[in-house]
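Undergrad: This is the structure, below, for whatever I ask next.
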Amino acid sequence: MRILVIGSGGREHALAWRLAKSPSVEAIYAVPGNPGIARLATCIPGNALDPAELLRLAESAGADLTVVGPEAPLVAGVVDAFRAAGRAIVGPVAAAAQLEGSKIFAKQFMVRAGIPTADFAIVETEADALEALDRFGIPVVLKADGLAAGKGVIVAASRAEADAAVHGLMSGEVVGKAGSRLVIEECLIGEEVSFIVLSDGSNVLALEPTQDHKAVFDGDAGPNTGGMGAYCDARILDAAQRRFVMERVIEPSIGQMRAEGCPFTGFLYAGLMMTQAGPKVLEFNVRLGDPETQALLHSLDCDFAEALLAAAHGDLGGVKLAWRSDPSVCVVLAAAGYPGTPRKGDRIEGIEPAEAAGAAVFHAGTRARQQGLETAGGRVLGVTASGSDLAGAIERTYQAVSKVHFDGMHYRTDIGRKGLKRWAASEG
Ligand code: AMP
Ligand code: GLY
């Protein structure tokens, strides 16, 4: 089968890397791809936000199946366009992608479906927002309604910060029109877990649980990023927790979407907070996570393309995913300035030695220049490896990280450490 991957980040490189190992895949294409993906696939320049253009490119590549990485093409309606043309694609239609595209839609949906989530208010004016802040107390969380590339959520630790966030978001200064309406919500305490499933609209296939590390510095300090690293370990959720999440979050979501006439197809990502009162949903994404996917697909042990094709054809019943028992760890190497405006053009060295040390090095913000590979974005590379236990996976990953260098490179040195602490006894 010929597969087209839409996107240009580390998640899409990991997808191409995993699909390249599938016996059923004969060729991979990517729009627009990146220099890492170009080693495995034919990269085709194109506007990933234009459904008609993507359909044209898929047709000319003869793609039997298309997989969408990021949310923006989904919200723009790429799946609707492919479906209308009878072309197989994995992802939700635009109406279902509102689960990520609008925080207000997601919260109201969770109320309709009875899904546990933080208490919230929806506000449309600064005056209403300030009144809501009086009710919620501090800390409090403010969320721009629309897509905001990771900049739309502020966890305010003081009233002054919350007031400033209201103005920053609603005036359009921080995230433009995405902030004209806000969700203001209760701040939940606990550890975050990413739980992702693949659905064909009725059947659901759960992926292994993962844990992302959103804050830029060790110990979860500093501002939030798109994700500085993740690990995949089956123990992140025990059997009872998995059952709870499936029965109280995933099945009601899939069922409610179907009942509302808009079956959810593709990857549904529940961002969970494991509170003392049980898991609660922080957010839905309508795609795979980045960098969760890099760790997940490193631990996957089956023909992923077959599962994706079955999902696209509404035929997931009976499909199973197989996982290696080895945990995997992905450490993101970020550019100078990230999560603010990243510096570009720093020469990247050491990828081959890192691969020789047993890691997969997934490209995200890189560009190929005559003189070699350079930084071209905030999250530059995702160094990913597995080990027979979590400690071993962490050690192998950081060994590989130590081979890579670019000026201004920074990364967290504690990816996976929460897991080590949690399982200190069994890890010895
Ligand atoms: P979201 O895009 O809604 O997941 O928010 C991004 C990040 O903000 C989450 O991964 C959490 O770290 C944090 N966050 C969001 N909502 C809450 C909440 N209600 N309580 C505490 N932290 C939150
Ligand atoms: N790693 C978080 C996300 O993909 O949204």
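The values are calculated or read from the model by the stated rules, or taken from the named source; none is laboratory data. The model shown is predicted, which means the values in this text are computed figures rather than measured ones. Cβ sites come from the backbone with ideal geometry, for glycine too, and all protein chains shown count toward neighbours. Protein only, heavy atoms only, side chains kept; ligands, DNA and RNA dropped before computing areas. Shrake-Rupley method; radii C 1.70, N 1.55, O 1.52, S 1.80 Å.
Undergrad: Within the range 264-271, identify whether any single residue is under 29 Å from Ala16 (Cβ atoms) and away from ligand 2 (no atom under 16 Å from the Cβ), and answer yes or no.
TA: Checked the range 264-271: at least one residue is under 29 Å from Ala16 (Cβ atoms) and away from ligand 2 (no atom under 16 Å from the Cβ).
Undergrad: With Leu54, Leu40, Leu74 as the choices, which residue is modelled with pLDDT of 95 or more, under 21 Å from the mean Cα position of the chain (by Cα) and not β-branched (Val, Ile, Thr)?
TA: Leu74
Undergrad: Being among the hydrophobic types (A, V, I, L, M, F, W, C) and touching a helix residue (DSSP H, G or I) at 6+ places or on another chain (Cβ under 7 Å): is that true of Val5 here?
TA: For Val5, the condition - among the hydrophobic types (A, V, I, L, M, F, W, C) and touching a helix residue (DSSP H, G or I) at 6+ places or on another chain (Cβ under 7 Å) - is met.
Undergrad: Quick check on the range 190-200. Is at least one of its residues among the small types (Gly, Ala, Ser), more than 16 Å from ligand 1 (Cβ to nearest atom), surrounded by fewer than 18 Cβ atoms within 10 Å (Cβ to Cβ) and over 20 Å from Thr117 (Cα atoms)?
TA: no
Undergrad: Please work out if Ser194 is within 13 Å of ligand 2 (Cβ to nearest atom), assigned to a strand (DSSP E or B) and either closer than 22 Å to Thr384 by Cβ or touching a Phe, Trp or Tyr at 6+ places or on another chain (Cβ under 8 Å) (or both). Even if it seems obvious, please write down each step before you answer.
TA: Working: within 13 Å of ligand 2 (Cβ to nearest atom): yes; assigned to a strand (DSSP E or B): yes; either closer than 22 Å to Thr384 by Cβ or touching a Phe, Trp or Tyr at 6+ places or on another chain (Cβ under 8 Å) (or both): yes.
Against the criterion (within 13 Å of ligand 2 (Cβ to nearest atom), assigned to a strand (DSSP E or B) and either closer than 22 Å to Thr384 by Cβ or touching a Phe, Trp or Tyr at 6+ places or on another chain (Cβ under 8 Å) (or both)), Ser194 qualifies.
Undergrad: Same structure again: I'd like to know if the range 161-182 contains one or more residues that are under 30 Å from Val332 (Cβ atoms) and within 11 Å of ligand 1 (Cβ to nearest atom).
TA: no
Undergrad: Looking at the range 253-307, which of its residues are open to solvent by less than 10 Å² (accessible area, probe 1.4 Å) and without any contact (Cβ under 8 Å) to a residue 60 or more places away in the chain?
TA: Listed by number, the list holds a single entry, Ile254.
Undergrad: Select from the range 322-355 the residues that are small (Gly, Ala, Ser) and open to solvent by 10 Å² or more (accessible area, probe 1.4 Å) and list them in ascending order.
TA: Within the range 322-355, Ala322, Ser325, Ala336, Gly337, Gly340, Gly345, Gly350 meet the criteria.
Undergrad: Pick from the range 202-217 the residues that are more than 16 Å from ligand 2 (Cβ to nearest atom), under 20 Å from the mean Cα position of the chain (by Cα) and of a type outside the set (Val, Ile, Thr): which of them is most open to solvent (accessible area, probe 1.4 Å)?
TA: Among residues in the range 202-217 that are more than 16 Å from ligand 2 (Cβ to nearest atom), under 20 Å from the mean Cα position of the chain (by Cα) and of a type outside the set (Val, Ile, Thr), the one most open to solvent (accessible area, probe 1.4 Å) is Phe217.
Undergrad: Between Gly219, Gly229, which is within 16 Å of ligand 1 (Cβ to nearest atom), touching a residue at least 24 places away in the same chain (Cβ under 8 Å), in contact with a His (Cβ under 8 Å, 6 or more places away or on another chain) and over 29 Å from Val93 (Cβ atoms)? Give the derivation first.
TA: Values: Gly219 fails: in contact with a His (Cβ under 8 Å, 6 or more places away or on another chain).
Step by step, each of Gly219, Gly229 is checked, and only Gly229 is within 16 Å of ligand 1 (Cβ to nearest atom), touching a residue at least 24 places away in the same chain (Cβ under 8 Å), in contact with a His (Cβ under 8 Å, 6 or more places away or on another chain) and over 29 Å from Val93 (Cβ atoms).
Undergrad: So if I check each of Asp145, Asp163, which one is open to solvent by less than 70 Å² (accessible area, probe 1.4 Å) and farther than 25 Å from Thr341 by Cβ?
TA: Asp163
Undergrad: Of these, Gly365, Gly358, Gly387, which one is more than 21 Å from the chain's Cα centre (by Cα), open to solvent by less than 20 Å² (accessible area, probe 1.4 Å) and closer than 20 Å to Trp17 by Cα?
TA: Only one candidate qualifies: Gly387.
Undergrad: Further question: I'd like to check something: does the range 248-262 contain any residue that is out of contact with any Phe, Trp or Tyr (no Cβ under 6 Å at 6 or more places or on another chain) and either over 26 Å from Asp119 (Cα atoms) or within 16 Å of ligand 2 (Cβ to nearest atom) (or both)?
TA: yes
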